[in-house]
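Written out below as structure tokens is the structure these notes cover.
The values are calculated or read from the model by the stated rules, or taken from the named source; none is laboratory data. Here the structure is a predicted model, which means the values were calculated and not measured. Heads up, the Cβs are rebuilt from the backbone with ideal geometry, glycines too, and the neighbour counts pull from every protein chain shown.
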Amino acid sequence: MSSHKIDLYYAPSSPPCRAVLLAAKSADVDLNLIQVKSSETQQELLRINPQNTIPTIVDKDFVLWESRAIMTYLISKYAKDKSLYPLQLEKRAIIDRMLYFDVTNFYQTYLECYYPAYFNNVSFKPYHARRVNDVFTLLDTFLKDSTFVAGNDLTVADLSIVTTVSTYEVSGVNLLRFPNVVKWYDIVRINASGYEEADGNNVLIYRQIIGDIMKKRKGDHREDKTVEEHKTF
């Protein structure tokens, strides 16, 4: 547990930010939550992070961004129970592999298929649906012989990927087509510390945002140029 508050620049609707919130809950880290909404907080973020991305943390004089790096840092430094990111090299390598799968494949597919539809008024195409099906089929296969994505113990890889799955779910993906994913999803939501507060409630904020965008678009039939999002990683 940290003896001081760690600043987290974030947006509650962001999947990577929600993943960091989950890791912080598991590490029993006290966060000073700073929503990046005003011009002042945007300038603060840009001063400490030239990439201007969320989530970003400030731990005393140490600044770190990229959600998966933040998650492994918090667990490694502050968690009493290291099982979420164990010291054994082989176990850690598998966890890292799944974190990379999330950022380069699973979550990246969401960004490339859904963000253009929501934020740039680009139609969702049949090949987008095929890509989503492909990454979920992969995840379902990974879970065929293990309880969690990196073995039989809950790890930071599950905390990262579960926020991606919940985001796909509120965007309309039928998870029932992937029985291993459904079983895993239920287990993670029960076992991850503070799940409802960190992800369960906040993903509903994201659902409201995209719902409002789609309603507005249907109402005026014009390309919506008003929505701006910080890049989240």
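The table that follows gives values for the structure above.
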item	result
Qualifying residue in region 28-47 (condition: touching a helix residue (DSSP H, G or I) at 6+ places or on another chain (Cβ under 6 Å) and small (Gly, Ala, Ser))	no
Lone unmet requirement of (1) at pLDDT below 95; (2) surrounded by 15 or more Cβ atoms within 10 Å (Cβ to Cβ) for THR164	(1)
Qualifying residue in region 123-134 (condition: crowded, with 18+ Cβ neighbours inside 10 Å, in contact (Cβ under 8 Å) with a residue 24 or more places away in the chain and within 21 Å of SER166 (Cα to Cα))	yes
Candidate set from region 87-101 (those that are of a type outside the set (Phe, Trp, Tyr) and crowded, with 19+ Cβ neighbours inside 10 Å); member that is nearest to the chain's Cα centre (by Cα)	LEU99
Helices (runs of 4 or more DSSP H) lying entirely in region 1-85 (those with 2 or more residues that are within 19 Å of the chain's Cα centre (by Cα))	15-27, 67-78
Any pair with Cβ under 9 angstrom, 6 or more apart, that starts in region 189-206 at a residue that is closer than 25 Å to ASP81 by Cα and ends at one that is surrounded by fewer than 12 Cβ atoms within 10 Å (Cβ to Cβ)	ARG189/GLU196
Conditions (1) among the polar types (S, T, N, Q); (2) modelled with pLDDT of 95 or more; (3) more than 15 Å from the chain's Cα centre (by Cα); (4) exposed (fewer than 14 other Cβ atoms within 10 Å of the Cβ): number failed by THR104	(3)
